[in-house]
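What follows is one structure encoded as structure tokens, with my remarks underneath.
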Amino acid sequence: MSEAVSAYEMKVYGVPDQTSTDETQTRDLLEILLTQYLEEMRKGTLPELEVYVKRYPHLAEEIKELFPIAASMEQWKSTKDMDLAQREQLRPIKLEKVGPYKLVREIGRGGMGVVFEAAHEQSGHRVALKLLLTGFAHAKKWRERFQTEARLAAQLQHTNIVSVLDFGEAEGSCYYAMQLVEGMSLHWLIRRLTEPAGMVSAAEISAAYQNGGELKADSEKQKEPPQDDARSLKRHAWKQMGKIAIQVAKALQHAHQAETLHRDIKPSNLLLDPRGHIRITDFGLAQQLEEQSEIQSAIVAGTLRYMSPESLHGAWDERSDIYSFGATFYELITLHKMIAGDNPNDVIAAIQSGAIAPPRAINPDIPRPLEAIIYKATQVHPEDRYQTARHIKRDIARFLRDEPVEAPPLQSSTSVRNFFSLKK
């Protein structure tokens, strides 16, 4: 090892340089390196994939292929294994006030933060206040990540992105104040559309927000359909769904033009208000394009089933966000997850192979142009997708105007096998 190696490189120790091509030795060495790599993750450090690649160049291909996927599965497992008792331990310190904000009630909870409805002590202005969970607040890396989220989101001023108004630290907690969106997530909306009524009214969205996501029992709700169809969303209202999607595309275009990737686009990170206005929230995994290195860290960001194939290997660009957007749009129009299942091995295999059911195989009433748009957005290879958010926005606009879309139609929507062959 060169005397000029970094302090981090000195940590990759205990394993001799291996140049033998013997398959057993190679497999054993990979197993040792992977075990060491995952152990670093469990200790809360951010392993540097590049160091492993430089140290063992003859294993570079295997390391870049295997380590990010293993890291993704490790993160998935750590989340799934966290039971309710453990989550309770991660609750923030019980406070009535943080900085200049009085806490009103909890309205949301994510991977490392909890969101409160709050009011500014002097002005009375109502905001959504996000606090870093106490289980993370004492770790420097999580505090820095939380602060990065606030900083990046604060730079993005767009009507379809939740605005960050203020951020700081007080009472031992990291916080930032956001525009308060009195609406519900697309995840909630999709779940409601799968119910027998197949319709959600603006009044229901308002009521659900006020009641923490809960509505009346099924026997009591929606006895009569809404009188104003413009104030409701029906299960098969394709144009309305297109209007939701184009707002997301506009927001992504703005973020990407500001050289910011979201990296976690999914239904639960999209908030819909009673007026049909949607906003992207939660930039906790956001990254500026200029911050990306040639070889990414193998800490895989994102929610597994919405991740693009390349992001499983630690690589992201604008087209990765487009893939996640396509997977979300798929779920909105089909009311089925594009990548189903809970086993991470199966999910990863489906993502890598493009093994998904054509939207019209699920519901033949779905317009072919919408299916074509989703198909193009979720191609396995980034070069086959829409190259920018502007391009997918333009195609959605064509659909809304009843014009031909640029995305090529699927030759057959009745066979999953045909769909796979098109995606190869």
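At a glance:
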item: Local net charge near Lys130, Cβ-Cβ under 9 Å (Lys/Arg +1, Asp/Glu -1); result: -2
item: Of Lys97/Lys239; Lys130/Lys393; Lys97/Lys234, pairs whose Cα-Cα distance is over 32 Å; result: Lys97/Lys239; Lys97/Lys234
item: Sorted by Cβ density within 10 Å, fewest first, the residues Thr281, Thr35; result: Thr35, Thr281
item: In nm, spacing of pseudo-spin labels at Ala203 and Lys243 (7 Å Cα→C-beta vector); result: 2.0 nm
item: 10 Å beta-carbon shell around His313, net charge (K/R +1, D/E -1); result: -1
item: Cα-projected label distance for Ala60 with Gln147, points at 7 Å along beta-carbon direction, nm; result: 3.5 nm
item: Label point distance in nm, Arg105-Arg275, each placed 7 Å from Cα along Cα→Cβ; result: 2.3 nm
item: Packing-based exposure ordering (other Cβ within 10 Å, fewest first) of Ile374, Ile161; result: Ile161, Ile374
item: Per-residue Cβ neighbour rank within 10 angstrom, fewest leading, His236, His313; result: His236, His313
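Here, each number is a calculation from the coordinates, and none is a lab measurement. Here the structure is a predicted model, which means the values were calculated and not measured. FYI the Cβ positions are ideal-geometry reconstructions off the backbone, even for glycines, and counts take in every protein chain you see.
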